[in-house]
Structures are given as structure tokens and as C-alpha cells.
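Here, each number is a calculation from the coordinates, and none is a lab measurement. Keep in mind that what you see is a predicted model, and the values were worked out from it rather than measured. Counting neighbours? That spans all protein chains shown, and the Cβs are built from the backbone with ideal geometry, glycine included.
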Amino acid sequence: MKHPITLVTGVLAALVVLLSTAVLLTDWQADVDNTLFWHMLTQLQLPLVVTATLVGAVLAVSAGSLQVVLQNPLADPGIIGITSGASLIAAALLILQPVQTVIPAVYLLPLGCFAGALASTWLIYRVAKRLRGAAMAVILAGIAISTLAGAVMAWLYVIADAQALRNLTFWLMGSLYQADWLVLSVAGPVMLLSVGYQLTQARRLNWLYGGEAMAASAGVSPPQLIRRTLLASALGVGAAVSVAGSIAFIGLLVPHFLRQIVGYNNVVLLPACALCGAAILLGVATLSEYLHLVTLPVSMITATLGGPLLLLALYKGQWKQHA
């Protein structure tokens, strides 16, 4: 591990988090009265900061863990279909808008996203288990899941009215401004538990680098570890989709570039992923606030930045096959 570089990376990411948070919490005109100030602080800006922090952390950490358990450096929740599964159920709920349900409305969207994420994760797990070692097959299975989900959503678009269609299109492109405290009270603890659990399993995940036989010889149960990691990732990503929609490239790029800096030790890598993922989304939120682009979809920014970085990494041959 490259200790000086790791330290510098952590410090820079922490500074971005702190500075972005400070800007987001103070970016108003000085002449607003105290009542309006505190309303904007507690009901608009603080939920924005919490949403960006939790969503960025859970997407990056989940991708880092998935790349280990699936033995594939391209195992991002968006690419392998977890996000698509969650988005499909969310789209159905947003367009069909059930009038009467046994489940309260505030719980319905998160639970639907959890169900979609778990279903797609189960399919991915079955493919990965059956085709162990065929890394590209897992990616192709994820593409198939994403394509199928996209096809179903296209049919939902046909029956949607104009307003529902606009709302859904914007939501699927990602937004950090949709969550309030009520929604975060449901999805926030799930994201925290997902990140926390994956961080506690970092040392065990290291053993999977040497294969399941080596992990078993060290006292780790690979099937159990893989199942629990996939479950934690699916729940975390489902919660993230329920509050922020679909956000691209965070999970794919953050673990990859951090491995070039801090190495492959998950005890260091996963906390760094959490910090940098949060820093990136807070930076995106700060940019939107500073430029007064409140309605700019998050994925538009992350894809614009992430696409060229991915092409650059591929061009330079930095995309390692060993995850």
C-alpha cells in the first residue's frame, strides 16, 4: 500500500466533503430572515447533503464489494442490472400510481426498489455461481437484465400521461433533490447499514482474491460471504435508487481509480470508496447550486465526467482484470 498517497487521497476527499457541505449549507443571500433561513437549512439543504453523502457512499462501496465477490472489475450496480431492477419497479409504481395499498406511500417506493434490486441480484448471483470464472458472462447477463427492464419501462412509457412521463424521465436520470426527511428516515438507515456491513467484511473480502479455496482455508465461508455481500449491496442500491433515482458511473469508476492509488486491500479501499463517492456527489450538488442548475439531472454530470475517464483508463490499459 502506498501510505503517503493514500493519506493524501483521504485528506483531499475529506476536504471536498467538508467544503461542499459548507457551501451547500451557506449558499444563500444574506438578507433572508431567520425563519426562512432555518426552513431552507433544515428542510432543503440538510436533506440534500445527507442524500448526496449516503447515495455516493453506498454506490461506491457496493461496487467495490461486488467487483470482489463477482471477480469482475466491471461489476457496477448499474452495469450488471441491480440499478435497472430497482428502477423498473420504481417506474411501475410512479406511472401506475396505485391509489390504495396496504403499505403506506412513504414505504412503498423504497420497498419496491428493494424488491427489484434483490430480484436482479438473485439472477446475477445464479449466473455468477453457474459460470464461475466467466467474467464476461456476468456482464452479459447484467446487460440482458438491463435491456429487459428497459423494454418493460418503454411499454410503461406508452401508457403514461405527459406529466408522469416527464417526472419519470427526470427521476431515472438521477436527482439529489427528491428526498425529504420522511423518505430519508426510511431509506437512510438501510444505506447506512449496507455501507457499515460491507466495511466490516472488508478483511474477509480480501481472502476472496486468492479464490474460494484459500478463503475457506482461512476460516471464511465464501458462499455465505458472497450471499450476504450481494444482499447488502442490493438493499443499499435499492435504497439509493428510491431516493435519488439512477446515477451512472460512480460505482464503476471510483473503486477502479482508487485501486491505482491505495491498492487492493479492502480494509483501506472500501472506506476510501465511501469517502470519495460521497465527495463526488457532494461536489456535483455544489456545482448545481453554484451555477443555479437545481434541476440538472445528476447522471448528466456524472456521465459527462465519467465517460471520458473510462475511455482514458481503457486507452492506457489500466483496466486490470484482477479485481
Could you list Ser288, Ser84, Ser217 in order of exposure, starting from the residue whose Cβ has the fewest other Cβ atoms within 10 Å? Ser217, Ser288, Ser84
Taking 25 Å as R0, compute the FRET efficiency from the Cβ-Cβ separation of Lys129 and Val152 and round it to 0.05. 0.50
Rounded to the nearest 20 debye, dipole of the range 157-299 from Cβ charges on Lys, Arg, Asp, Glu: 440 debye
What is the distance, in nm, between label points placed 7 Å from the Cα along the Cα-to-Cβ direction at Gln43 and at Gln224? 4.9 nm
Going from the fewest other Cβ atoms within 10 Å to the most, one would list Asp161, Asp180, Asp76 as Asp161, Asp180, Asp76
Exposure proxy order (Cβ contacts within 10 Å, fewest to most) of Trp155, Trp171: Trp155, Trp171
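Please give the length that would be gained between Ala144 and Ala213 if that part of the chain were fully extended, namely 0.36 nm times their separation in residues minus their C-alpha to C-alpha distance (nm, one decimal).
Details: separation 69, 0.36 × 69 = 24.84 nm, distance 3.04 nm.
This chain segment gains 21.8 nm when fully extended.
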Calculate the spin-label point distance for Asp180 paired with Asp161, positioning each point 7 Å from the Cα along the beta-carbon direction, and give it in nanometres. 2.1 nm
